[in-house]
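We did not get these values from a lab; they are worked out from the coordinates using the rules stated. What you see is a predicted model, and the numbers here were worked out from it, not measured in a lab. Every residue, glycine as well, gets a Cβ built from its backbone with ideal geometry; the counts of neighbours run over all protein chains shown.
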Amino acid sequence: MNEINEKSELRKIRIQSIKRNFNLFKQSKIGILGLVIVFIFGFLALLQPFLFMTNIWDEATYHPVVGYDSQKILATVVSCKDIEYPTPEYKTPSDCPAADEVNIVAVAPYNPGIKEGDVIEQFIQPAPPSSKHILGTDSLGRDVFSQLMEGSQVAFVLGLLSAIVGVGISTLLGTIAAYFGGTVDAYLMRQSDLVLMLPTLPLLFIISAFAELKVWHLALVLGIFGGLGGSVITIKSQALQVKVKPFVDSARITGGSRMKILTSHILPNVAPLALLYMVFSVTGAIASESILSFLGLLNIDMSWGLMISVAQADGYINQGMEYWWLVIPAGLAVTLLAGGFYLVGRGLDDVFNPRLRRR
Amino acid sequence: MVVVFFLFLIISYLLFDAIPGNAFQNLLLNPSLPPYAYEETIALYGLDQPLSVRLQKYIVNFFKGDLGYSYIQFPKTAIELIGERLPRTLMLFSVVNILAFYTGFFVGKVLAWRRGSKSETWITITSVFSYTVFYPWFALLMLWFFGLKMGWVPIGKFLTPNKWYDSPFDSDEVFLEMIKYMVIFSLIYFVISILTKEIESLTQRRNIRLGSFFGLIVISNFYWNTGVLSDMRFYAGDIAYHTILPVLTVTVVAFAGTALLTRTTMMEVLKDDYILTARAKGLSQKRIRDRHAARTALLPVVTSFIFTIVTIIDGSVLTETIFSWPGMGQLILDSVLREDIPVAMATFSFIGVFALIAHFLADVSYAFLDPRIRIKSQG
């Protein structure tokens, strides 16, 4: 009876402290902004499988990798010659052919006997945004919005997996280093010095040279390197501060075993800092994934980095804003999601670090 | 430190050794390599011997600076290639770092000082944006806007080939001359700022520093008019013209990290009692901000800045790939992609040496900047 009461008391205290911390978190505007961004992308990531399952989206049209759809228009055949501009119809050379026209040079090889003034059916790829394709289609006729959703799934899986792996490792090693000290500590510190020294991107290049990197491989690699690096040092210093607190001494005097002290006294007090690190490392992981898939070193069907890579390889980035739906969404998505996680981290920082609070 | 370095060398060798198949089998397939190069490479790396001997040979060779021929650019050795590429990367990124550090520190200082105002929120959001921006995308957009749309700057590359067609100089020669000039210039300016450190009045100090800066520019104008340099000026200008866009892009991305960190540390410092004391003494706002708060906040910023040098090397890979700047980053990406193992190995190890030196500098500068550590080590 008494025990049950104690447990419900404990739960109440926990809920109260979560509420109090959330109220603190709400005070920082940027933290809320970040949370909203993260939720929007999470919603996008979950929406795509839902749309496919309920058959609102047809897989043949909207699949991010193998879907195909192109806009059909009727175009007038004209001929654009190397003459002086402006002419009565066109102002500059880039205005010819206009939106509903097609240059005879481009279609003549496939349509023998065609002449100026004919009207033929044309497929537009990449097609601009329309009601069917909210963000248009890419150069292979695939829906950009669907690709964006697929990319956010990849980003979430990779970011969260690598962050959990990394923080798990660094929290464990950091507390062990602080608690046991001596040789273990010295060894772990040298090890994180070494990992800090390794240049991440070149290292990932080399790894990708001899192994086909899949997303979850990359997540593991990023997690392990993130977890062995600098965060061990920070978490160790936090754990050292906890270790000298009186309650750890009293736990030891009352006969708590080492494991018990580590798990139930030191770890919970290091956890906030670890959570903070986790959120920040998601930012780095998302950026690394995008960079690797941008450079084509990742074995992956679709991701934000790959979308930009395709747009660059096809030369649409140098066309600038004319094909904005190929250029802007993917890059902005990487930036926004990484920034969102960063802002959440900043908000949490305000909660856990009392020196940063305004009052 | 030394142990860490040896561990790094061993790991980097094992990493390359673990590449499936024989990592050196490219040698056999490459027809442009003469037989003697093939034999020399095998002897150099001890490829017909067991792992322990190979490892030992690699480490010895690394300190001798003899890492064999490049497979792709054959007559050149790996070390020659690095010697050619390293100054370019160093120059680009030291300029960027100095710019980024100063702008970042300044912005962060102002942000913390104006806490709670509307401009603070907006500038913070902008700096978070440029801190987390997807770098290749941003660089490509900059390239498109300034290079293609506006046409103000060249799109990538190190120099304009037609201008150099009948040039009497080698591009590296000119470039080294430029580096020499930059080093002298910044050293003189550094000495001036140290000499003027003790001046009490803030406006007077600023005026002296600005005046001497413009004076130095006038003097350097004369400097570039003397002797061989007056012929080189045209070519040096061409290289400088090509550095504008990369420097601008990387600075915009790199300053944000410093700015955000300065903001955080400065906010912590502003809570301290001695700031309240300074306010109570009636010191001017600017003096409190620059002399009292900012100097204390500088410490962790400098340390973390030096730690990010490794990250900067990472970033250099992307910058150099996108702007076609022939530096270390491009070298390592190329050599890994085309399996030019000796060059890839040498570059990777060199980057490690770099990082090691950076960490050492971080430790030293920490002791130099923080009087508390200095006093402890003396007493």
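Please list, by residue number, every one of the GluC sites (Glu not before Pro) in the stretch A:91-163 that is coil in DSSP and has at most 14 other beta-carbon atoms within 10 Å. Counting only loop positions with at most 14 other Cβ atoms within 10 Å, the GluC sites (Glu not before Pro) in the stretch A:91-163 are A:Glu116. Sorting B:Thr308, B:Thr126, B:Thr262 from the fewest to the most surrounding beta carbons within 10 angstrom yields B:Thr126, B:Thr308, B:Thr262.
Helix B:341-369 and the longest principal axis of the Cα set of chain B meet at an angle near 20°.
When both the stretch B:34-57 and the stretch A:35-60 are represented by their alpha-carbon centers, they are found 55 Å apart. Just checking the listed ones, B:Leu86, B:Leu47, B:Leu210: in the Gaussian network model of chain B with Cα springs under 10 Å, the one fluctuating most is B:Leu210. The percentage of C-alpha pairs in the stretch A:293-359 whose separation is greater than 14 Å is 67%.
Of all lysines in the structure, those lying under 29 Å Cα to Cα from B:Lys180, and not within fewer than 8 positions of it along the same chain, are B:Lys64, B:Lys76, B:Lys157, B:Lys163, B:Lys197.
Where the convex hull is taken over the Cα atoms of the protein assembly as shown, what is its projected area averaged over directions, in nm²?
Working: hull surface 180.5 nm².
Projected over every direction and averaged, the Cα hull of the protein assembly as shown covers 45.1 nm².
Of all the options A:Ile253, A:Ile73, A:Ile124, the one that moves most in a Gaussian network model of chain A with Cα springs shorter than 10 angstrom is A:Ile253. Of the beta bridges in the protein assembly as shown, as assigned by DSSP with both residues counted there, near 75 percent are antiparallel. Taking chain B as the reference, fit the longest principal axis to its C-alpha atoms, fit the long axis of helix B:202-223 to the helix C-alpha atoms, and give the angle between the two in degrees, 0 to 90, nearest 10. Orientation of helix B:202-223: about 40 degrees from the principal axis. Debye sum, Cα scatterers, the stretch B:282-367, no solvent: what log₁₀ I/I(0) at q = 0.14, 0.18 1/Å? With no solvent term, the Cα-only Debye profile gives -0.63, -0.82. Computing FRET efficiency as 1/(1 + (r/R0)^6) for A:Tyr110 and A:Asp314, where r is the C-beta to C-beta distance and R0 is 22 Å, gives about 0.60. What separates the Cα centres of the stretch A:313-341 and the stretch B:154-221 is a distance of 36 Å. Put in line by how crowded their Cβ is, counting other Cβ atoms within 10 Å and starting with the fewest, A:Lys243, B:Lys76 read B:Lys76, A:Lys243. Taking other C-beta atoms within 10 Å as the exposure proxy, A:Ser290, B:Ser212 rank B:Ser212, A:Ser290 from fewest upward.
The Cα atoms of the stretch B:78-373 define a convex hull whose projected area, averaged across directions, is 18.4 nm². Taking the Kirkwood radius as Rh and the Cα radius of gyration as Rg, the stretch B:37-127 has a ratio of Rg/Rh equal to 1.39.
Hey, got the dipole for chain A? About the Cα centre, +1 on K and R Cβ, -1 on D and E Cβ, debye to the nearest 20? Please list the in-between numbers first.
Working: 27 positive and 28 negative charges, 638 e Å.
Dipole about the Cα centre, nearest 20: 3060 debye.
When the P(r) of the stretch A:113-251 is calculated, the portion above 26 Å amounts to 53% of the C-alpha pairs.
Assuming R0 = 41 Å, what is the FRET efficiency of A:Phe39 and A:Glu121, from their Cβ-Cβ distance, to the nearest 0.05?
Numbers: r = 43 Å, r/R0 = 1.05.
Efficiency at R0 = 41 Å is approximately 0.40.
Over the whole of A:191-198, what's the average partner chain Cβ count within 10 Å per residue? Rounded to a whole number, please. Don't jump to the answer; show the numbers that get you there.
Details: counts 2, 0, 9, 8, 3, 6, 14, 9.
Mean number of neighbouring Cβ atoms from other chains: 6.
Over the Cα atoms of chain A, the radius of gyration divided by the Kirkwood radius equals 1.14; this is the Rg/Rh ratio.
For the stretch A:61-166, state the average projected area of the convex hull of the C-alpha atoms over all orientations, rounded to one decimal in nm². Average projection, Cα convex hull of the stretch A:61-166: 10.2 nm².
Cross-link pairs exceeding 20 Å between alpha carbons, from the set A:Lys12/A:Lys243; A:Lys19/A:Lys236; B:Lys109/B:Lys286; A:Lys243/B:Lys271; A:Lys26/A:Lys236; A:Lys91/A:Lys115: A:Lys12/A:Lys243; A:Lys19/A:Lys236; A:Lys243/B:Lys271; A:Lys26/A:Lys236; A:Lys91/A:Lys115. Between 0 and 90 degrees, the angle of helix B:51-64 with respect to the longest Cα principal axis of chain B falls at about 60 degrees.
Provide the net charge surrounding B:Arg114, with neighbours chosen by a C-beta distance below 12 Å and charges set as Lys +1, Arg +1, Asp -1, Glu -1. All intermediate terms of the calculation are to be shown ahead of the outcome.
Values: positive: B:Lys109, B:Arg115, B:Lys118, B:Arg263, B:Arg289; negative: B:Glu120.
Neighbour charge sum, excluding B:Arg114 itself: +4.
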